[in-house]
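These notes are about the structure you will find just below.
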Amino acid sequence: MIIVLNWNGLADTLACLASLARLDYPAHEVVVVDNGSTDDSVAAVRATYPRVTLIETGENLGYVGGNNVGLEYARAMGADYALLLNNDTEVAPDFLRLLVEAAEANPATGIVGPTIYYFDRPNVVWSAGGDIDWRRGRTRMIGLDEVDQGQFGHTLRPVDFVTGCAMLIKMSLVEQVGLLDARFFAYYEETEWCVRAARAGFKILHVPQAKIWHKILPEDREASPQVQYYMTRNRLLLLKLSETGAVPWLNTLLFDYGRTLVSWTLRPKWRDKFLQRHAMLQAIRDYGRGRFGKVEVV
C-alpha cells in the first residue's frame, strides 16, 4: 500500500500520482491522506484519480499524524507493506518492484529506501540512506549533493536510517515496534523509527537502483523558522529516546547549538537570522518544558 500525504500540495500531489500510475508493479493500492487541505486538493484528486483511496483527517496532523492514519488503514486492510511517499516526488516505474524485491530477499529486513535525487538536478543525489554519528548527536544524508557516478553500486547497503521522503516498511515491523512517535510531528521521526526498528533486530537497507526525484529546495528549508524549530527540538528528542548518554548531548547543545546561536548573534553576515535564532531558542525551551507535537513558532 502506497501512502501519499497531502497538505495544500495540489499540483505536486497530482504529478506524484501520475508517476505512480506508471509503476510496473501491479499489486499496489494508492492511498492519499489529506491533512486538512484548503486548496481544492480533495476534489481534484477525486476527480482525476477516482480509484485512489482518499482519507481526510480534517486538520493538519503533521507528517507523523497523517502517515500514522495511513498506516492504521494499511493495517486494517491487511497490507504486507506500506510505502510512505512524499507528495513532492516523482518515481521511476520500477522503483517499487525493486524495493519489494529487496525487502523480500531477507526476512530480517524491515525498512528499505531508494536513491533520491533532486528533481531539478536529476543526476544529483539528495539521499542514499542516512548515517547517525552518535558521538556528535548528528545525522547526515549519505551522498548529499554528489553526482551519481555509480558510487553506490548495485547491491543492497545497510544504513542507519532511510528518509521518510520514501520508505517501504514491512507491516510486521509496525506490529512489533509500533507507529511513528507523535511527539515529533515532523522531522527526525523516521530516524527514531529506524533506530527503534534496528534495536528490535530489523535491517534497514538502501536500494541503490530504486530511484525517485524530490522537489526539495534546501535553501527554503534553511530559511524557514518553523523547520528550524522542529529540527532543533526533535534532534534533542531523538537523543533522549535513543538513550545516547552525555557526550552527544554536550556536542549538540554546546558545540552545535551554542556555536550556531553565537554566530547568528555576533557575525554581521548572519544577523539576518533573527527569526531562525528565535525559533531555535524556543525549540530548546519547549524541549525542556516537555512541549511536543505541533507547535507554532511565536
Exercise for review: Kindly indicate whether LEU179 is surrounded by fewer than 17 Cβ atoms within 10 Å (Cβ to Cβ), in contact with a Leu (Cβ under 9 Å, 6 or more places away or on another chain) and within 14 Å of ALA82 (Cβ to Cβ).
Suggested key: yes
Review point. Across the range 115-125, which residue is surrounded by the most Cβ atoms within 10 Å (Cβ to Cβ) among those that are more than 27 Å from ALA105 (Cβ to Cβ), in contact (Cβ under 8 Å) with a residue 60 or more places away in the chain and not hydroxyl-bearing (Ser, Thr, Tyr)?
Key: PHE119
Review point. With ALA15, ALA11 as the choices, which residue is surrounded by fewer than 16 Cβ atoms within 10 Å (Cβ to Cβ) and hydrophobic (A, V, I, L, M, F, W, C)?
Key: ALA11
Review point. Name the residues in the range 126-156 that are of a type outside the set (S, T, N, Q), touching a residue at least 24 places away in the same chain (Cβ under 8 Å), in a strand (DSSP E or B) and surrounded by 15 or more Cβ atoms within 10 Å (Cβ to Cβ), would you?
Key: TRP126, GLY130, ILE132
Check your understanding: Which pairs have Cβ atoms under 8 Å, sit 6 or more apart or on different chains, and link a residue in the range 159-179 that is free of Cβ contacts under 8 Å to residues at least 12 places away in the same chain and among the β-branched types (Val, Ile, Thr) to one that is part of a loop (DSSP other than H, G, I, E, B) and open to solvent by 10 Å² or more (accessible area, probe 1.4 Å)?
Key -> none
Review point. What are the pairs, 6+ residues apart or on separate chains, where a residue within the range 1-15 that is more than 13 Å from VAL64 (Cα to Cα) has its Cβ under 8 Å from a residue that is assigned to a helix (DSSP H, G or I) and polar (S, T, N, Q)?
Key: ASN8/SER41; GLY9/SER41; LEU10/SER41; THR13/SER41; LEU14/THR48
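A quick yes/no check of all residues on (1) charged (D, E, K, R); (2) more than 16 Å from the chain's Cα centre (by Cα):
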position: TRP193; (1), (2): no, no
position: ASP220; (1), (2): yes, yes
position: ARG235; (1), (2): yes, no
position: PRO248; (1), (2): no, yes
position: LEU254; (1), (2): no, yes
position: GLY258; (1), (2): no, yes
position: SER263; (1), (2): no, yes
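The values are calculated or read from the model by the stated rules, or taken from the named source; none is laboratory data. What you are looking at is a predicted structure, and each value in this text was computed from that prediction instead of being measured. Quick reminder, even Gly has a Cβ in these numbers, built from the backbone with ideal geometry, and neighbours come from all protein chains shown. Calculation scope for accessible area: heavy atoms of the full protein, side chains included, ligands and nucleic acids excluded. Shrake-Rupley method; radii C 1.70, N 1.55, O 1.52, S 1.80 Å.
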